[in-house]
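A.B. asks: Below you will find the structure I want to go over with you.
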Amino acid sequence: MSPKKPNIFLKLLSLFAVVRGYNILVIVVAQYLASVFIIAPNYLSAKKIVFDVNLFLIVVSSALAIASGYIINNFYDSAKDLINRPKKTYLENMVSQQTKLSLYFILNFACIIIASSISFNAVLFFSAYIFAIWLYSHQLKRNVFIGNITASILAVVPFFAVFIYYRNFDLVIFVHALFLFLLISLRELTKDMQNIKGDFAQNYQTIPVKFGSKLAKQTASILVLMSSIPVIVLLTKFDLGYMNYYFMLSLVVLLFYLIMLWKSASKYQYVWLHNLLKFLIVLGVFCILLIDVDLVIKRFL
């Protein structure tokens, strides 16, 4: 008797898991909130920003490129993920590798087509972004240090697309981006510590695999210290309204993370710390609204 094929709902759920639909939704929201409250010129109303066709196309192109990136990453990491997260991998494998690859090329093609309606520069930007994601998934992520740095850079690239569009290169944006980059680097390193079993089995040369957990924790400690620098700069040099409370909370959370990190030894503990950092990143997205509460009311009226 042949095994029962998964129904359409499970296949859609599988694809949603593969492309990390929840992550993409957060990135889309972050791009719009950053545009309204940080990047776009003050004279533009929220309505003009939100309904800006070119911004919408940039956000859609980013979402498609990121989704395709998750697919190709899932394709190359299938053996490792089967060890590190077997239950989620079982769900993701309800869709065949051939279907995933087909969707990968479709999403990339759609991304470039949409980018072409913005400008030729947008085509070059997203083509380079797609290639960089493939190179990272295929080769770079197996290399010690380079993999983590590349993953962190790729995570902040969609925001660069937005502020290049608005041609806003204020220092405050770069400080925000630096904090996000360091926080994502810390999250990636924590994920390497939780996935050490699968990484070792598949010869991924991550910091925990190549140098051991102690050096990985020391590196994470340095990243926590480095992350505090842009936070202090943001708190002392820029007017961020009520978002100051988020950055104060970030210092407390990072200190708590550091204490718990040195007490951690099991995969469960590293997963918990990884989720803590993810929560801090997502919370930061919505706390952008706190930069100017009055502006929230004024720009949406």
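The values are calculated or read from the model by the stated rules, or taken from the named source; none is laboratory data. Since the model is a prediction, treat every value here as computed from it, not as a measurement. Note that each Cβ is placed from the backbone with ideal geometry, even for glycine, and that neighbours are counted across all protein chains shown.
A.B. asks: Go through segment 233-288 and give me each residue that's exposed (fewer than 14 other Cβ atoms within 10 Å of the Cβ) and in a loop (DSSP other than H, G, I, E, B).
C.D. replies: Those that are exposed (fewer than 14 other Cβ atoms within 10 Å of the Cβ) and in a loop (DSSP other than H, G, I, E, B): Asp239, Ala265, Ser266.
A.B. asks: While we're looking at this one, here's another question. Checking Leu235 against (1) under 22 Å from Arg142 (Cβ atoms); (2) over 20 Å from the mean Cα position of the chain (by Cα), which test does it fail?
C.D. replies: (1)
A.B. asks: Hey, any hits in segment 34-53 for a residue that's of a type outside the set (Phe, Trp, Tyr), crowded, with 20+ Cβ neighbours inside 10 Å and assigned to a loop (DSSP other than H, G, I, E, B)?
C.D. replies: Checking segment 34-53: at least one residue is of a type outside the set (Phe, Trp, Tyr), crowded, with 20+ Cβ neighbours inside 10 Å and assigned to a loop (DSSP other than H, G, I, E, B).
A.B. asks: Just name the residue that is modelled with the lowest pLDDT out of those in segment 29-82 that are under 24 Å from Tyr204 (Cβ atoms) and hydroxyl-bearing (Ser, Thr, Tyr). Talk me through it step by step, then tell me what you get.
C.D. replies: Start the filter on segment 29-82 by keeping residues that are under 24 Å from Tyr204 (Cβ atoms), which leaves 65-82.
Narrowing further to those that are hydroxyl-bearing (Ser, Thr, Tyr): 68, 70, 76, 78.
On the way: Ser68: 95, Tyr70: 93, Tyr76: 86, Ser78: 82.
Checking each candidate, the answer is Ser78.
A.B. asks: Can you pull out every residue in segment 142-185 that is on the phi > 0 side of the Ramachandran plot and of a type in the set (D, E, K, R)? Lay out the reasoning, then the answer.
C.D. replies: Pass one, segment 142-185, residues on the phi > 0 side of the Ramachandran plot: 145, 167.
Within segment 142-185, just Arg167 meets the criteria.
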